[in-house]
């Protein structure tokens, strides 16, 4: 398999985290869309573990995107003071 995959997956994932870390909800969307690349990688390399992780990560990215978009509280173990 061409090593370009690993560079592309790393670049897209790191970009999503960087954007999310700068308090921009688009970062979560980038991460969510990156899971399509992970799913393609999983199928191309016949590694079902990556496919399972892509679905799990997509779910978490979707939850975080929704929290940022609708002002929902993020998943956290801390209790709110309000």
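Readers should treat all values here as calculations from the given coordinates under stated rules, not as data from a laboratory. Model, not experiment: these values are computed from the prediction. No Cβ is skipped: glycine too gets one built from the backbone with ideal geometry, and neighbour counts run over all protein chains shown.
Looking at region 1-22 only, could you name the residues that are without any contact (Cβ under 8 Å) to a residue 12 or more places away in the chain and in contact with a helix residue (DSSP H, G or I) (Cβ under 8 Å, 6 or more places away or on another chain)?
18, 19, 21, listed by residue number.
Within region 36-54, how many residues turn out to be assigned to a helix (DSSP H, G or I) and exposed (fewer than 14 other Cβ atoms within 10 Å of the Cβ)?
Residues in region 36-54 being assigned to a helix (DSSP H, G or I) and exposed (fewer than 14 other Cβ atoms within 10 Å of the Cβ): 7 in total.
Go through region 14-35 and report how many residues are surrounded by fewer than 18 Cβ atoms within 10 Å (Cβ to Cβ) and more than 21 Å from residue 46 (Cα to Cα).
So the answer is 11.
Looking at residue 23 and the list (1) over 10 Å from the mean Cα position of the chain (by Cα); (2) part of a helix (DSSP H, G or I), which single condition is not satisfied?
Unmet condition: (2).
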